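What follows draws every value from the coordinates through simple rules; no lab data is involved. Treat the numbers as computed from the prediction; the structure is a model and nothing was measured. Methodologically, a virtual Cβ is constructed for each residue, glycine included, from the backbone with ideal geometry; neighbour enumeration extends over all protein chains shown.
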Amino acid sequence: MSTPRAVLRLTDVEKTYPGVRALKRVSFEVLAGEVHALVGENGAGKSTLMAVAAGATVPDSGTVEIAGTTMDSPTPSAAAALGLAVVYQHTSVLDDLTVAENMVFSLPPEKRPSLGSARAWAAEQLRAIDIQLDPARRVGELGVAERHLLEIAKAVVRDPKVLVLDEPTESLTAAETEVLFARIQKIVATGAAVVYISHRLPEVKRIATRLSVLRDGEMRGTFDAAEVSEEQILQLIVGRSIERAFPDKRPLDAPPAEPLLTVESFSGGRFHDVGFSVGEGEIVGLAGVEGNGQRDALRALAGIESSRGDVRVRGAAASVRDPRAAQSSGIVYLPGDRHEEGLFLDLSVRENTSLLSLGRVASGPVVRSARERATVAHQIADLQIKTPSEDTPVGSLSGGNQQKVLFARSTLKQPTVLLADEPTRGVDAGARVEIYRVMRGVAAEGSCVVVVSSDALELQGLCDRVHVFSRGQIVRTLEGDDVTEENITGAALTATSEHRGSLAQQASRWLKARRFAAGDRAPALVLALLFILLAIYTTGRNEFFFSERSVSSMLLLTSALAFIAFGQLLVLLTAGIDLSVGPLAGLTVVVLSFFFGLGSSGADWTLGIVVVIAVAVAVGLANGLLVRVVKLSPVLATLATYIVLQGVSLLLRPQPEGSLSADWTRFLTQRVGGVPLAFVVVVVLALVLELALGRSRWGLLLRAVGSDEERARRMGARVGLTVVAAYVGCALLTLLGGLMLSAQIGIGDPSAGINYTLTSITAVVLGGASIFGGRGSFVGALLGALLLQEIATATPFLGLDQSWQFFLPGILILFAAGAYSRARGVKTSALAQPAGQ
Amino acid sequence: MSEHAVSAGADQGPAMPTIAPLRWLRAFVRTPYFAIWPATALLFAVSPLLASGSLDGSALLGMLPFAAILALAAAGQTLIVQQGGLDLSVPGMISLAAVIVSKYPDGANGRLLPAILIAFAACAVAALISGIAITRFGITPLIATLGVNALLTGAVLQYTSGSASNPAPPALVDFASGKVAGIPNTVVIAIVLIALATFVVRRTILGRRFVAAGASPRAAVAAGIRVREHQLGTYVVAALLYAAAGVLLAGFLQTPGLQPGQQYLLPSIAAVVLGGTALTGGSGSVAATAVGALFLTQLNQVVLGMGAASSVQLLIQGAIIALGMGLRNVPWARLRRARVAN
């Protein structure tokens, strides 16, 4: 089979994970110009094999050769450099960046076009491969299908010799699939090869030149796609030996069970018109290739995803509006994502187990400790959970025991209907058997179980009946002796139903307006408008407001705040926060008061500037290192520096003293054509920084790191360095603010500047920055600072008392933050992230 | 924390034959809430050596009310932190409660009770604004409470017209400086409220759900817990604790001034952190926070007693926070294992 035209060759690859031999001496070869399909069941080893090819997984033995060169030390970047590109099913795009920026970022640094020309470059690339995406759009606004297309575009722009597509049609409609196939043909026509991983045999038959089948980590063979039938492929895919012990099923000749759960015309986001019923004592499986709606239907029954339709428990209408409603109808859900949604990892086994059934171990509102411990101990013994004690944090248990805790919690609730999502994911063989026993036990005790599993063999061994989903609908129901791995997999793989509804969006005028509102420029526009309105109103009430003196003093005061706000924004972009800016600005003033006093000379000034720069750099480094190296949360780290800096200021100047030389003040407050020079500098700096944030390499890096640290790291960003640099940059900008502050107060006042911490955050947030990092605008921050200062200046002119200097900013920030988060579609509340993160 | 011992004592679990209180102690030592207790004991032990007289009865009686008031404020902050938030509205809440109870009665004891009720109601309303902004409008807790703090500060200025010369009514002043069986009333109130908070958090169904909602909002939603309602409620309860701190502070200071709450923001966060409650939310200990507040207050006292300037006080506080938290972040267990492996 070997020809010199092989662009990807894996030889005798072996990979063992604890307890599992994932790949057993697999060899695999892909030729230039072919579409090579890789098929197999869930867990057959396809993903591991491709991870080995992509350098993401290091094999125990065996070699990987890409375009004729053997990878000696496999890393993702080495594989990419040799010409392999992978499009994963789970997208790895950065939400806060635009389509064009994501594409640029996927290239190795030396090949990146300048960011100024990025949009044009991206548009051209997208046109070449016939993908319709607006390069200027922010990825966070894209739908699933569009994200996937972007992933493909990201891979293709690297001009790969081998392109690996992992389940590329899962979220595509039939029309979009056709377009994708056309693109694939174009790509292979240039001599590149495509590895096409898919569950869908009809598609595979159409697109692939050759196909290889994996089963249980073993290569079953490579065939010409034209020469094998779907049935033959299926024969090779299924047929794992049953090595697991399953409890007995409900006897086939048993009298028909009373239906406990009845579902009719049940529809939701990814499933349509689903109907089935489950009787007492039965275990029913929902099967299908991942992403075909079976899991969504289960979650909708649990009340987690929204749905409509008729759900009945014991014949009575049951609300599944939310999880709480589902629970009171007797439906208990056992989440598939154990770590994120199932368990409270930091809490104890006891707290996790009793959570759903606290009423049973309490007298009134008070939890009875003895009763709780006894109950939990009973569950631990019953499920044979291995834990040092019931007070052990559940996160420290093994996967199997964690899963058993979930079962202990769910069964303690005595559900009428137990919904189990991937009940044995990441669980060792011994624990699996016990989990199967528990599930059968639950069913036998007058309940019923609905299970979603990606393991067809598990469904075969466990279920009395299996409904197979494809693209959101039940396409086949298997019962009795028909519940076999082969039938389940066959029904799922050969289904040709199509995804309903198009994910492509129409670009209407309304949509454009929405996009603008969600963009970075909108806040600046709104602030500018507010600024002008307030100026007009105030001038109308009191013409002195618009006098040169008042305006120029306002602009001067703004410049101090604006510099500090710019610094704050740098840190906020990395998803951090710097509370120490206020005291640092104050310390700058205090230090200056020692060098810039009355009668000081030029030499003193130089030395003074050097000292304050040194102080700022030291503070920035301290913050950065506390955050990155000591791993304190940014709030804590900068809180500590806040306190220390304030202490140092007080140490140096216990009381305000040390008047600054008038020359220095005059220097800082000089004007050009009536406008303070400092304000001109601030405006220029805002524009430069704004441009750099959008167009330069460091700007991109900063936003990438703030958007998603892990993904940015995978794309080659030096996260730690970027964050530390942001804190140092913040300190230096704060230093500039401190200089301006010194001109305002003219004396070494240790408490000067403290208010700037919160005001700078206010200004930056008004300017549209996200506290979660990744987005913000320097021009917005400038306008935020300007508006805040205008409010402070205008209130006396308007005859309003001092309280309005607080009311107005307070109202502004609440409305602004609320409006921005609405416009950007941020999920509210329940998932709000902790402030310190 | 003590009811934990009671609960463990009541249980003769079959699996663990060790004597219950001993087992509880051993478990407690491993929690992050333990360290502040010996640290505080150590501080008190060395206090007289550093600053003579800092353990005298009069010194303690002067220090304890401040510790109690800080403990109340920090207890509220702890609850917010447990819900994954950070409350920047502590100063505004305390200040507003303090000016209301000093200005509204206008020196008349008879108007004290309505004044206290108004103070509590005002703080609760402010907390509802924060809470709704956070749970319904998706505003980050930090930003929401920053905004609400500005509103509260505005309200204080509006209500007092910017001048604060009203003394608290005599009854409140007497109460705040009074004692029960030799213990200052402020301390009694703090202990009662903190014990109550601890009991509710640790021992009731409500408390369990509150902790779960903070530990993992997603998992809590999946488990059928009304996360938003718990968060909203937490902001209100915290506000009531701040209000209590503000009322007592007004009585203790007699003329509280305009912004007596200003100096409580950073120490309230510092006390939470020293107590061992993680800023990531979930479990926490109001009692450990209270001990953290005691630690901070006594530390100030000692440093002042040594004749050091308030600047040194700040330096030491900052260093202790950075060091204390830094030490917690060292992966001790892994280091120990590595040493064993070698």
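Key figures
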read-out	value
Theoretical ellipticity at 222 nm over chain B - DSSP helices of four or more residues, -39500 (n - 2.57) apiece, nearest 500	-24500 deg cm²/dmol
Intensity falloff of chain B expressed as log10 I(q)/I(0), Debye formula with alpha-carbon point scatterers, at q = 0.09, 0.10, 0.14 Å⁻¹	-0.51, -0.63, -1.19
Chain A - percent relative contact order, Cα under 8 Å, separation 6 or more	12
Farthest toward positive dipole pole in the stretch B:54-322 [+1 Lys/Arg, -1 Asp/Glu at C-beta], among B:Ser177, B:Ala197, B:Val101	B:Ala197
Loop trypsin sites (Lys or Arg not before Pro), the stretch A:617-705, which have at most 16 other Cβ atoms in a 10 Å radius of their Cβ (DSSP)	A:Lys631
Peptide ranges A:572-583, B:212-223 listed from the most packed, as the mean C-beta count within 10 angstrom indicates	A:572-583, B:212-223
Rounded to 5, percent antiparallel among DSSP beta bridges of the stretch A:123-268	55
FRET efficiency, 1/(1 + (r/R0)^6) with R0 30 Å, evaluated for A:Thr70 and A:Val629 via beta carbons	0.20
DSSP-defined antiparallel bridges as percent of all bridges, chain A, nearest 5	60
Filter on A:Lys15/A:Lys154; A:Lys111/A:Lys205; A:Lys46/A:Lys154; A:Lys249/A:Lys404; A:Lys15/A:Lys386; A:Lys111/A:Lys161 - keep pairs with C-alpha separation over 26 Å	A:Lys15/A:Lys154; A:Lys111/A:Lys205; A:Lys15/A:Lys386
10 Å Cβ neighbours from other chains, averaged over peptide A:380-392	2
Computed label-point distance, nm, for sites A:Asp382 and A:Ser319 using a 7 Å Cα→Cβ extension	2.9
Table column - 3J(HN,Hα) (Hz), the stretch B:170-177, Karplus curve with 6.51, -1.76, 1.60, x for Gly and Pro	x, 4, 5, 4, 4, 5, 5, 9
MRE, 222 nm, helices only [DSSP H, n ≥ 4, -39500 (n - 2.57), over chain A, to nearest 500]	-15000 deg cm²/dmol
Where only C-alpha atoms are counted, convex hull volume of the stretch B:102-223 per residue in Å³	145
Amide proton proximity set for A:Gly597, modelled H, under 5 Å, gap of 5+	A:Ser661
Angle in degrees between helix B:141-160 and the longest Cα principal axis of chain B, rounded to the nearest 10	20
Hz values of 3J(HN,Hα) by residue in the stretch A:673-683 - Karplus curve (6.51, -1.76, 1.60), Gly and Pro given as x	x, x, 9, x, 4, 4, 5, 4, 4, 4, 5
Within 10 Å of each Cβ in A:367-373, the average number of Cβ atoms from other chains	6
Alpha carbon Rg of chain A, scaled by the compact-globule rule 2.2 N^0.38 Å	1.12
Anisotropy class of the stretch B:206-329 from Cα gyration tensor, a/c 1.5 cut	oblate
Cβ-Cβ FRET estimate between B:Leu196 and A:Ser396, R0 fixed at 41 Å, reported to 0.05	0.85
Packing-based order for A:558-568, A:412-422, A:771-781, A:355-365, using average beta carbon neighbours within 10 Å, highest first	A:558-568, A:771-781, A:412-422, A:355-365
Inter-part distance where the stretch B:26-91 and the stretch A:64-83 are each reduced to a Cα centre, Å	58
FRET efficiency estimate (nearest 0.05) - Cβ-Cβ, A:Asp604 to A:Arg822, R0 56 angstrom	0.60
Calculated from backbone phi, Karplus (6.51, -1.76, 1.60) coupling profile of the stretch A:417-422 in Hz, x at Gly/Pro	10, 9, 9, 10, 9, 6
Partner chain coverage, peptide B:220-232 - average Cβ within 10 angstrom	6
GluC sites (Glu not before Pro) within the stretch A:328-389: DSSP coil, no more than 12 neighbouring Cβ in 10 Å	none
Stretchable slack from A:Ser363 to A:Val617, in nm (0.36 nm times residue separation minus alpha-carbon distance)	85.5 nm
Selection of GluC sites (Glu not before Pro), the stretch A:207-288, meeting DSSP coil and at most 16 other Cβ within 10 Å	A:Glu243
Angle in degrees between helix B:205-215 and the longest Cα principal axis of chain B, rounded to the nearest 10	80
Gyration tensor (alpha-carbon) shape descriptor, the stretch A:310-445, a/c threshold 1.5	oblate
Cα-projected label distance for B:Asp174 with A:Leu798, points at 7 Å along beta-carbon direction, nm	4.6
Selected from A:Leu607, A:Gly716, A:Ala785, residue furthest toward positive end of dipole (chain A; charges at beta carbon)	A:Leu607
Whether the stretch A:259-494 is rounded, prolate or oblate, judged on the alpha carbon gyration tensor where a/c under 1.5 counts as rounded	prolate
Degrees, to the nearest 10: A:602-628 long Cα axis against longest axis of chain A	20
Cα-centre dipole for the stretch A:1-123 with unit charges at Cβ (Lys and Arg positive, Asp and Glu negative), debye to 20	140
Length-normalised contact order for chain B - Cα pairs under 8 Å, 6+ apart - percent	32
